[in-house]
Amino acid sequence: MNYRPMESDLICLFRVEPSEVSMEEALGRVASESSNGTWTEVTTMKPEIRRLSAKAYERDGNFVKIAYPVDLFEPGSMAQVFSSIAGNIFGMKALRNLRLEDVRWPREMVDSFMGPQFGIHGIRRMFNVRERPLTATVPKPKVGMTPEEHAKVGYEAWVGGLDLLKDDENLTSQKFNNFYDRVSASFKMRDRAEKETGERKSYLVNISAETREMMKRAKAVKDHGGEYVMVDILTVGWSALQTIREECQDLGLAIHAHRAFHSTFTRNTKHGVSMMVVAEAARLIGVDQIHIGTVVGKLVGPKKEVLSIRDAVENEEVKPGEHVLGQNWHGKKPSFAVASGGLHPGLIPDVIKMLGPQLVIQAGGGVDGHPDGVRAGAAALRQSIEAALQEIPLEEYAKKHKELRRALEHWGFVKPI
C-alpha cells in the first residue's frame, strides 16, 4: 500500500466489500485478477511481467485506489479496458460486493480516443442558441406509431418551439414504424417546421442495430439532411460505438448517447459500475450529448451523483473530490449533458437551478401529455425555461402564457415516481 502512482498510470477507485477473506486479501485479489494475476502462483511469472501488475495503494474504509500501468491496455480499445478493470473481478467469490466508482484516465489513453466531434459549443453553433438550454421531446407512446404519426408529433413539437425531436430507446425499425420510412417522413416535417419558424430544428434518430446496419442508417440520416444520430451506447457496445464515431466523423454527424441498460449495473451503490465511469468512457469515445439524470424526474439519480456526472462530461478539467478522482481531458471537447425522464414544465426551474443552463432538457410525456396537445406542450416547456432563466415564478409567468398555465393546472409541481 506504499506505492506512489505515476502520471502514466490508469487509476481506478473501487468500493470493496470482502466475503470470508480479509480486506487486504480482497484488495490483492482485485488488483491481481484485473491485471496479470490468477488464483495461484504460476511458474511463468517473470520479473518483467510482474512489473505490469496493478497495485492497491491508498485505502479509506471500503474505498481503495488501484493503479494500473498504462502498458496493460490497448490504446483506443474501450472494450479491452473494460474487460480488465470491469471484468472477472465482479464475479469473484472472495468479494461480497465490488463497485467501480471512478477512473482517472492518463493522457496516453485520452489521446488514443477521438472525443466528441462537435461538443457543447459546436452543437450550440449548429442551432445558434447561445444561452438557454436546448429542448427536445420524444413522441409518446414511445412505440406503436406509424412513421407519419411520428413525424406529425415532431412537426407539432418543432413549431411549438422545441429544437429537437428524439426517438425513444426501443424504437428502431419495427413493422409498424420502419426506420427509413420514419427518417423520410420526419425530415420532410422538419424542413417544413424550419421554414415556418425560421429556427434551426433537428431530429435525434435512433440508429441502434447491428454495426453495419447502423452505418447504413447513419448514411441515410445524412442523405436526408440530418445533423444527428442517436445510439443506445451500452446495448450496442463500446466497439460498435467507436465504429459509429469514426463513421460520423466522415459524415459530419453529431452523436446523441442514450444510456438504456445502465441501471442494471449502476443503480446498486455497493456493486457494479457507476454512471460516472460510463459517462467518462462515452466522452472519450466521442458522444456529443449524453443523458445524466434529473434528480427530480422519474428515474433514480441522487443530486450529488448527477452533478458529478455533469461535471465529468462538461468540464475541461475535473477537480478531485469525495469518490471523484479528478480528470484532465487534455483538450477533448465537452459533451452536452441531457436531463430527461419524467420532466414537465413545473419541474424546469428546479432542474435549471441544480444543473444550470448548459443543458439539453428533454420532456416526452411532459410535452405530449399537455391537455391542449403537443404544440401547446412544446410552448409550455419553452415558457417554463424562459421563466426560470429570468427568475420569474412559474405561477406569475403563467398569467400571460396560457400554455404554461394549462400545464401547471394539469401537472402542478409533482415529481413523478
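Read the figures in this text as sums done on the coordinates, not as results from a lab. Just so we're clear, the structure is a prediction, and the values are computed from it rather than from any experiment. Note that each Cβ is placed from the backbone with ideal geometry, even for glycine, and that neighbours are counted across all protein chains shown.
Descriptive notes on the structure:
- Between the entries [x] 36; [y] 25; [z] 17, the label attached to percent of Cα pairs over 38 Å apart calculated for this structure is [y].
- For M230, nonlocal amide neighbours, meaning residues 5 or more places apart or on other chains whose placed amide H falls under 5 Å from its own, are V205, N206, I207, H256.
- Rounded to whole Hz, the Karplus (6.51, -1.76, 1.60) HN-Hα couplings of the stretch 320-333, x for glycine and proline: x, x, 5, 6, 10, 7, x, 7, 9, 8, 6, x, 5, 5
- Violating pairs (Cα-Cα greater than 27 angstrom) within the set K55/K270; K140/K332; K319/K415; K142/K353; K201/K402; K303/K399: K140/K332; K319/K415; K142/K353; K303/K399
- Environment charge at R375 (Cβ cut-off 13 Å; Lys +1, Arg +1, Asp -1, Glu -1): -1
- Note: relative contact order over the chain, using C-alpha pairs below 8 Å and six or more positions apart, is 16 percent.
- For the chain, built as a Gaussian network whose Cα springs stay under 10 Å, the top-fluctuating residue of G272, G346, G91: G91
- Taking a Cβ cut-off of under 10 Å around A337, the surrounding Lys, Arg, Asp and Glu residues balance to a net charge of -1, with basic ones at +1 and acidic ones at -1.
- Only one residue of G91, G346, T135 has its Cα farthest out toward the positive end of the dipole of the chain, where Lys and Arg carry +1 and Asp and Glu -1 on Cβ, and that residue is G346.
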